[in-house]
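The structure under discussion appears below in the form of C-alpha cells.
The values are calculated or read from the model by the stated rules, or taken from the named source; none is laboratory data. What you see is a predicted model; the values in this text were computed from it and never measured. Positions of Cβ are backbone-derived with ideal geometry, glycine not excepted, and every protein chain shown enters the neighbour counts.
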Amino acid sequence: MKVEIWSDVACPWCYVGKRRFESALNSFEHKSDVDVHWRSFELDPNAPPIRDGDPVQRLADKYGMSRAQAVAANDRLTAMAAAEGLDYHLDTLRSGNTFDAHRLLHLAADHGLQDALKERFLHGYFVDNDPIGDHETLVRLAVDAGLDEPAVRGVLASDAYADAVRADEKQAGAYGISGVPFFVVDARYGVSGAQSAEILLETLRRAWAEANPLVVVAGQPSTAGSAGTAGSNADGCNGDSCAV
C-alpha cells in the first residue's frame with residue numbers, strides 16, 4: 001500500500017498530522033506493507049530565505065487579529081501539539097523559504113532517510129526554533145538525520161531535485177490540494193487535514209480491504225442439482241437455515 005503525504009516543514013498542523021498518522025500506522029494490521037512518501041508543498045513559495053520580525057505579530061496581521069487573539073490561537077495550537085507529545089514554541093519561530101528543505105527531502109528519499117529527515121526538520125523548526133531557510137542549519141539537520149554532508153552541500157549548491165519538488169506541487173494541484181497535511185492512499189483515498197488517528201486508521205483499513213478482497217475458496221453451498229464445489233454442503237448456517 002502506498003501512502004503519499006503532502007506537507008510543508010513550516011506547517012504546524014503537518015507535525016501534528018505526522019504524529020497522528022504514526023499512531024494510526026502503528027495500529028494498522030498491515031503496517032509492514034505500507035510504503036510512505038513525503039511530498040512537497042510550499043505554504044509560502046515567495047518567502048525570503050530567512051524572515052525577520054515578530055512571528056506573533058505576523059500571524060495577527062495575516063489573519064486580521066489582535067495580538068492577544070494571535071497569542072490565544074498559538075496557545076490553542078500549542079496545546080493540541082502537546083497532546084501529541086510535541087513541545088511547540090510558536091512565539092519564537094524563525095521562518096523562511098522551505099524550497100531547499102524540500103529538495104533535501106527528495107535526496108533523503110533516495111537514501112531511505114526521508115522520514116528521519118522530515119522528523120528532524122519539523123522538530124528543528126517547531127521545537128528548537130531553527131531557521132528552516134538557512135543553508136548551514138539545513139546541513140546540520142540533514143547530517144543529524146544520517147545524510148552525507150558533502151552530498152547535502154552539493155544539492156544546496158545546485159538545482160538538484162528542484163524538478164522533483166515542482167512535480168510534487170503539480171500533482172498536488174491536479175488532486176485539488178490547497179492545504180496541508182493531505183494524505184493520499186493508493187492514489188484513491190484522500191484525507192485532508194490533521195485528522196484523528198482513528199479516521200486515518202479507518203482509511204488505511206478501507207483501502208487495504210478494497211485492494212485485497214476476501215476470496216472464498218471453500219464452504220460455498222451448492223444449489224440443488226448442481227455440481228458440488230470445494231467444501232460444498234459444509235456444516236454451518238446460512239441465513240435462517242442451518243445444516244442438520
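Given the criteria of a type outside the set (Lys, Arg), part of a loop (DSSP other than H, G, I, E, B) and within 15 Å of the chain's Cα centre (by Cα), does Val180 qualify? Give the steps one after another, and end with the answer.
Details: of a type outside the set (Lys, Arg): yes; part of a loop (DSSP other than H, G, I, E, B): yes; within 15 Å of the chain's Cα centre (by Cα): yes.
The answer is yes for Val180.
For every residue, the table says whether it meets (1) in the same structural domain as Tyr125 (by TED's automatic domain parsing); (2) among the small types (Gly, Ala, Ser).
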site	(1), (2)
Ser7	yes, yes
Tyr15	yes, no
Lys18	yes, no
Glu29	yes, no
Ser32	yes, yes
Trp38	yes, no
Tyr88	no, no
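Taking into account only those residues within the range 58-93 that are among the polar types (S, T, N, Q) and crowded, with 17+ Cβ neighbours inside 10 Å, which is nearest to Phe21 (Cα to Cα)? Before you say what the answer is, go through the steps one by one.
If we filter the range 58-93 for residues that are among the polar types (S, T, N, Q), which is where we start, we get 66, 69, 74, 78, 92.
Those left that are additionally crowded, with 17+ Cβ neighbours inside 10 Å: 74, 78.
Details: Asn74: 22, Thr78: 18 Å.
Here the residue is Thr78.
Looking only at helices (runs of 4 or more DSSP H) that fall completely inside the range 1-111, which ones have 1 or more residues that are under 20 Å from Ser196 (Cβ atoms) and without any contact (Cβ under 8 Å) to a residue 24 or more places away in the chain? Let's see the steps before the verdict.
Numbers: elements: 12-27, 55-63, 67-82, 99-110.
Where helices (runs of 4 or more DSSP H) fall fully within the range 1-111 and carry at least 1 residues being under 20 Å from Ser196 (Cβ atoms) and without any contact (Cβ under 8 Å) to a residue 24 or more places away in the chain, they are 12-27, 67-82.
Pick from Ala160, Ala164, Ala187: which is touching a residue at least 24 places away in the same chain (Cβ under 8 Å), surrounded by 15 or more Cβ atoms within 10 Å (Cβ to Cβ) and in a loop (DSSP other than H, G, I, E, B)? Steps first, answer last, please.
Details: Ala164 fails: in a loop (DSSP other than H, G, I, E, B); Ala187 fails: surrounded by 15 or more Cβ atoms within 10 Å (Cβ to Cβ).
The match here is Ala160.
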